[in-house]
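Report on the structure given below.
Values in this text are rule-based calculations from the coordinates and carry no lab data. Here the structure is a predicted model, which means the values were calculated and not measured. When we count neighbours, we look across all protein chains shown, and the Cβ atoms used for this are built from the backbone with ideal geometry, even at glycine.
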Amino acid sequence: MSTDLRDAFRSAAAAVPPMGDVEQAVRRGRRRRRATVVAAPLALLVLIAGVWLAVPEGVTEPPVAEPQPRAVTAADLAGRTFAATDGLPEDQSLVLTFRRAVVTVYADAGPSEAAYQIVDDVLRLEQEWYACGVCGGSWLRDLFSSGPTVQLAGGELSLTAAEGPVTMTELDVPTNTEVRKATWNLNSYALAGDSAGAVAVPEAVYSSLQIEGSAMSVEYGCNHRGGGVLVTEQTLELVGSWSATRLGCSGPTAVVESAVMQVLLPEQRRISYRIEGTVLRADEAATLTLSSAGGQLVYTNWD
């Protein structure tokens, strides 16, 4: 082999990298391809985020449509109870419980019932209701006698008369008949702030409570008091003004009466209650516990 040819082979061999260098280059190529595969989705996410951040300020999701007032029928209101939240004279209250053809009106004077119709969105009560002298004040009779327009939007009911609208909100009033099944006799009481704790009622003193429909009657000791009540799953909502007798009491009866009045004053308006045991079961007494800011009363359905 000539010297020139031998030199050419040596130059070509020197230009070829060692095998270790080749393997490292291959590995670097593989890493670059893996990096490219990983970087591509990341770049896409960055692009999406950039587009999202580029949305002009002030652009928001479209608002959720509010329920719109619509024509009302008696079927729409049947089985529902509404309480006034705006539009009444000062210190007045109004709750309406509708059935298919009868409405119970809870107002300051107590509960009353009337047949009703809704004709062309106008609420009309039977004429006999207006002749009831104790069914509500003049503002209430004026409201219904004017034939208020009725609108219903979701759980909001409005009665619009000449004096302006009365806004009412639906109440969640589950049916609970247990508390209405018995005459409850007071067994003991505990007054708020009294360190004596629970005090048993003397055998010679009779104090009881009974609920029939939308009316609640309480024998305090020697006096009686009664008025409207709205029974929910856990509360008794006292409605309207409560009438009462005014007999003079003395001795243990007066003590018990004072305790009952402290817990059940209509000013409390909302009385919590719970029932334990089975009402009207012959071999077991059920207990009814009433609680308010004034204290606690424990009744039993046994004599």
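Amide H contacts of Leu171 (H built 1.01 Å from N, in plane; Pro and chain starts excluded): Thr81, Phe82, Ala83 sit under 5 Å, all sequence-distant by 5 or more or on other chains. Across segment 223-237, rounded Karplus estimates of 3J(HN,Hα) from the backbone phi angles (6.51 cos²θ - 1.76 cosθ + 1.60, θ = phi - 60°) give 10, 10, 9, x, x, x, 8, 10, 8, 10, 5, 10, 9, 10, 9 Hz, Gly and Pro being marked x. Over every Cα atom in segment 74-171, the radius of gyration and the widest Cα-Cα span, Dmax, amount to 12.0, 34 Å.
The Cα atoms of segment 178-300 define a convex hull whose projected area, averaged across directions, is 7.5 nm².
How much length would be gained if the chain were fully extended between Gln127 and Val102, taking 0.36 nm per residue of separation minus their Cα-Cα distance, in nm to one decimal?
Numbers: separation 25, 0.36 × 25 = 9.00 nm, distance 1.32 nm.
My answer for the length gained is 7.7 nm.
Using the number of other C-beta atoms within 10 angstrom as an exposure proxy, rank Arg180, Arg225 with the fewest first.
Details: Arg180 14, Arg225 19.
Fewest to most other Cβ atoms nearby, the residues stand as Arg180, Arg225.
Taking the number of Cβ atoms within 10 Å of each Cβ as an exposure proxy, the fewest-first ranking of Thr177, Thr300 is Thr177, Thr300. Which of the GluC sites (Glu not before Pro) across segment 147-217 are loop residues per DSSP, with 15 or fewer other Cβ within 10 Å? Answer by residue number: Glu163, Glu203. Each 10 Å bin from zero up to the one holding the largest Cα-Cα distance in segment 157-233 carries the following percent of pairs: 15, 29, 29, 16, 9, 2.
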